[in-house]
1. Would you please calculate the Kirkwood hydrodynamic radius of chain A over all C-alpha pairs and express it in Å, rounded to one decimal?
2. Sort shortest first the distances from residue D:2 to its counterpart in every other copy, using label points 7 Å along the Cα-to-beta-carbon line, and give them in nm.
3. Using Cα-Cα distances under 8 Å and only pairs 6 or more residues apart, what relative contact order does chain C have, in percent?
4. Per residue, what volume in Å³ does the convex hull of the Cα atoms of the stretch C:44-103 enclose?
5. Over all directions, the average projected area of the alpha-carbon convex hull for chain D comes to how many nm²?
6. If you put a point 7 Å past Cα along the Cβ direction, how far is that point for residue D:126 from the same point in each other copy, in nm, smallest first?
7. What is the sum of charges around residue D:59, taking Lys and Arg as +1, Asp and Glu as -1, for the other residues whose C-beta is under 12 Å from the C-beta of residue D:59?
8. Measuring from a point 7 Å out along Cα→Cβ, what nm distances, shortest first, does residue A:58 have to its partners in the other copies?
Amino acid sequence: MRLSIQLFALARDKAGRSVVPLELPDGANVADLRAALAAGVPALAPLVPVLLIAVDSEYARDEVVLRPESQVAAFPPVSGGTAGGVA
Amino acid sequence: MRLSIQLFALARDKAGRSVVPLELPDGANVADLRAALAAGVPALAPLVPVLLIAVDSEYARDEVVLRPESQVAAFPPVSGGTAGGVA
Amino acid sequence: MIELTHEPIDPGRVIESVRSHQAGAICLFLGTVREFTGERQTRSLAYEAYTAMAEARLTDLEAEARARWPIVALSIVHRVGDLELGDIAVAVAVSTPHRGEGFAACQWLMDTLKQVVPIWKQEVWADGTREWVHPGLDPSNAPPFES
Amino acid sequence: MIELTHEPIDPGRVIESVRSHQAGAICLFLGTVREFTGERQTRSLAYEAYTAMAEARLTDLEAEARARWPIVALSIVHRVGDLELGDIAVAVAVSTPHRGEGFAACQWLMDTLKQVVPIWKQEVWADGTREWVHPGLDPSNAPPFES
């Protein structure tokens, strides 16, 4: 199956684009997607282990199985509020 | 010395007036004032033990000694927020 | 900004009074007139203040809050007189660098204000009866100062 | 009211959206753009959202807060795009019968929002350099869901 992975924030900047198409075998899960993303976009590889993966607007663990119609996004942790600018 | 005691809220309603003049001996303290208030305004007597006394805009314990120029007020506990109407 | 006022409280003005480039957080609390307390229905409220002492106590509260938390700006506005349902009785706003200290300071100010600032509330119930709210009239209650 | 917006946030409108005769308390939190973080000076901030997911997560947060506290009304508005110093980045307002539950719900919403809603912040420092704020990039940090 062919999925379009949306990227945000630092992940998009490192990849140099906001969408990455990936070819994955049927039955692939989020862990397989991480491996394919690191292999397909070498600039993202160092970041991939800490990226969050969302499937259909829900955070997805590595065991979650993907389907051809899945909406998939990859992005770094959200701001969290420990660093500056806004409380 | 002659003091004018300001009354507020339920204390004023019970007394039927907002200022009560009291004659007190020199050196009288807040405990003496309570006794004089209960004796001088019988309608206030049941309330006097729980009234708060303020001297010069500070809450005053029974041992605080009064002076002729003291600004004195007597009133019930403030709303406290446990009962209705506003959180 | 510390104020007692007979006029309706404008929350936007209270917020503006604490905005600052030094602050990352603004915490605002508004006490509003609620219609029902359990089964009992409120028609309106009347607030009475011992003005000089209330202003002195609020000024002390500001100083104590500033000693405890890194407050950039602080405003307390309390309405007096007759209030209708939904009206704002009190506004407390605090701006701070971070949000944890802002929530803590704002909540402490409200809790302490309700214990020590001489402002009293009279309920006017839906049946027209009036009742002062003096929850501390039970003699076992502690006075609002350390003894 | 749950909104992501490119327009400046009007805190008065957010407050009006939660006012109710059933509420005795309104707690409003505003996150504003602070100039200094330690020694570092911010010129502006840029916020980016994964809009569809952010709205879904905010809707879930509202449902979870309503399950935990007796909330009368709740609004969350988050700005996206470029913000100047002092601008409001996020507003969370909760109205409740009493104030304790209002402070608790408002603080929980802000804390949780910052962990789970996919909105990212980029600092533009005074020297013109840009930096994404991703405090969880350390792999030892827990992900924002129960595992």
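Readers should treat all values here as calculations from the given coordinates under stated rules, not as data from a laboratory. All figures in this text were calculated on a predicted structure; none of them were measured in a lab. Counting neighbours? That spans all protein chains shown, and the Cβs are built from the backbone with ideal geometry, glycine included.
1. Working: mean 1/r = 0.0755 Å⁻¹.
Taking every pair of different Cα atoms in chain A, averaging 1/r and inverting gives 13.2 Å.
2. 4.2
3. Details: 285 pairs, mean separation 50.0, N = 147.
Averaging sequence separation for qualifying contacts and normalising by length gives 34 percent for chain C.
4. On the way: hull volume 4.8 nm³, N = 60.
Roughly 81 Å³ of hull volume per residue.
5. Numbers: hull surface 38.8 nm².
That works out to 9.7 nm².
6. 5.9
7. On the way: positive: D:57, D:66; negative: D:3, D:55, D:60, D:62, D:64.
Every neighbour counted, the sum reads -3.
8. 6.3
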